Each structure stands twice: as structure tokens, then as C-alpha cells.
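Scroll down for the structure; my scribbles are underneath it.
No value in this document is a laboratory result; all are computed from the given coordinates. Everything numeric here is computed off the predicted structure, so don't read it as measured data. Quick reminder, even Gly has a Cβ in these numbers, built from the backbone with ideal geometry, and neighbours come from all protein chains shown.
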Amino acid sequence: MHEHAHDPILVIASLAVALMAGFTGLTLTRGAAGLPVPHRKAIVAMSAIVLGGGIWSMHFVAMLGLRLPVPFYYDALTTMISALTAILIVGLALLLMHFGTRSTGRIVVAGVLVGVGIPVMHYIGMWGMRMATPVYSPAGVAIAVAISIALGVAAFWLAYAGRDMRNILAGTLGFGIAVFAVHFVAMAGTSFVPDAGARGAGPALDNATLAFGVTLAAFLISGAFIMTGVTFNEVALSAVPAPAPAPAPAPAVETAPPAAVPGPAVEAGPADPPSDTAQRIPYEREGRIRFVGIDEVAAIRAEGHYTVLYFGDSKVLCPWSISESARRLPEGDMIRTHRSYIVNRRHVSGFERKKDTGVVFFEGVGAIGKAPVSRARLNAVRDHLGL
């Protein structure tokens, strides 16, 4: 059997690829639940390619650093199958997350799928090696699969327990560590024996040829990482158009002389918006846009280009951005407590100050228990609450 080692620089590079792929793929799907179905499918497909391609790229960046005392190469067809398998399995997990009602059970199943997909891709890729045949210990395979499933579930739980920046970053770390750890745990339980007569089903790929493809994949992942990172913290306006100001009543327009048209008539328009726009908020459930009265909503939280509404035991996606929500909602009971939160003071049951920030609490709202108050908005919130 051959002893093997790894180039430490390529080991570090493989971890970087896994982390960049995780961040890019998880960021792409943020807010996807509020998109039309065709657009959502496209986003999920792109994310699956990035995450699955990241698993594959991480594996082969690390394999480029594999040092054996004999030359070896890879079967091209098997290598391609390993990449497509990773993309397909991750795609199934993402479909569970972004189509249908998201639940704890779905998060666990999606995490298990990814946890199974990582070692499946690994061992298919290893199966494609020629001239040096990998031999696995049963204990090594079992440990690698168990670790992969545990870390896969943890990564999806962190990423989908909420969809704010912290969840995305925590999920990125979980995904990157899962892919990285599984590869090297599996390699620790692998030995190699010479097999000069082995032939593949497709053309051969030596390390130089493989390096070309892996470098291209890593470059694309890095570029996508930069593109998503630039806009990660931006909260853009929603695509839902703003309502037009209510027109002046017809009799007034017909009878008023030109000199009477200014000021008061213009100011009166926005002060009395249409009731179905001012008093109701849209949200999506089961592929249909529904509406909820403002008085029923306890809090609104930013979710990428969209928002999440909390009312009763419900947590649903709204097509408005947080900026759009703040602009559309009437002033008074709806308070902006944080750049990512708007709360209804009628549902606030308590307030706690924490140095320069604060927290508001809710009772009887199963979907949310508290919301943060930022330093910049602390005094205004206290005034609205009568403190």
C-alpha cells in the first residue's frame, strides 16, 4: 500500500472554495420564497450548481494536493458523474426548502440529503482514480457518513432557522466545515494500492488537465462569491410598485379656478390613501397572494429584498421590502425599531433597555417573542411607547 500526504497550501485553498460556494449558494436563495415559481426554480437551480459544484471543486482542489509515490489519473466520465451527482442531490434539498411549507422536518430531511450527497460525491470521485486504487476501511466510511449527515443537518438548520445575515453566515461556516471535514476524515480512512491494469469508461484526466477544470470552477465560484458579497448587506426596494397618490375628487377639479389648485389639494392626496393599500399588507402562502390587516401584524422583519410578517402563530413572506413597508404603512402604531424591524406597539407587552440598545417583547404572539431596538432608534421607540 502507498502512503499519502497533502499539500498544505491546497488544503487551505480547498477550505476557501467550500466556504465561498456555501456563502454564494445560500445567499442566492435568500428571499426566493417570495418569487414567482419560474424565477424561484431558476434561483434554486443556480444555487444547486454553486453548492454542488463547490463540493466537487473542494474535493478536487484537495486531490490536486494529494501526494502519492506513483503517478495516477482520473476517468473523465466518472469525474463528471461525481459533479452532477452532487448538484442533483443538493438541488433536491433546496427544492424541499423553497417549495412547500418550510418546517423543522423539511430542514432535517434537506440536511440529511446534503449530508449523504457529500460523501457520495467523494466516493464516486475516488472511484474514478486509475493506477492507484483507493481502499476504504468500513469504519472510515461509517464515520465520514455520520459526520457528514450531522454537519449537513446543522448547516441547514443554521441557514434556515432564519434568513438574516447571521443565519447565512452561520450556514456558510457549517456547510464549508461539513464539506472540508468529510473529505479529510474519509481520506484518513483510505489507503491506496497500485493497479496498473485499471481502465476507465471515458478518456483519462491527468492532474494537469484536471487542474485546468478545477481552476476554472474555482474561478467561477470566486467571482460569484464577490458578486453576492457586494450586495449582501443591501436592502433594495421591492419590485412591488408604489401606489399612485389618490386623485383629487372630480367635482373639485372641474369647478376650482386655476388659482385654487395649489397647496391644500396636493397635500390632501397622500393623507387619504386607498383603504385596501393603507390598512392591509400582502403576503404569500401556498402560491397565492393573501392580505392581513395591519392591526393583526405584531412585527415585520427584513428578509433580503422582502420581509417576514409575524401575526398570531404565523410567519409568512411579504413581497414588500422593509423600506417599502416603512413608507407604505401609516404612522402611529407601526414603529421602526431597527433597520430590519418594524413593530406594532399595540402588540408590545414589554421593553428592556440594554445599555445603548433595547428589546421589545410580545405576549400572545407565537411566531415571535421579541424584537431588537437599535441605538439610533432607542429614544424614538421609548417616546412611542410612552416611556
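So here's what we get for this one:
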| quantity | calculated |
| --- | --- |
| Inter-probe distance in nm under a simple model that places probes 7 Å from Cα toward Cβ, at K355 and H4 | 4.9 nm |
| Pairwise FRET efficiency - K41 versus I143, Cβ, R0 = 45 Å, nearest 0.05 | 0.80 |
| Fully extended contour minus Cα-Cα distance, from V108 to L68, at 0.36 nm per residue | 10.6 nm |
| Hz values of 3J(HN,Hα) by residue in segment 147-155 - Karplus curve (6.51, -1.76, 1.60), Gly and Pro given as x | 5, 4, 5, 4, 6, x, 5, 4, 5 |
| Taking R40, R290 and counting other C-beta atoms within 10 Å, the order from fewest to most | R290, R40 |
| Amide H contacts under 5 Å for A132, placed H, 5+ residues apart | Y73, D195 |
| Contour excess over end-to-end distance, with Cα ends at V11 and T133 and 0.36 nm allotted per residue | 41.8 nm |
| Proxy reagent accessibility, fewest Cβ within 10 Å first, across T78, T24 | T78, T24 |
| Proxy reagent accessibility, fewest Cβ within 10 Å first, across R345, R377 | R345, R377 |
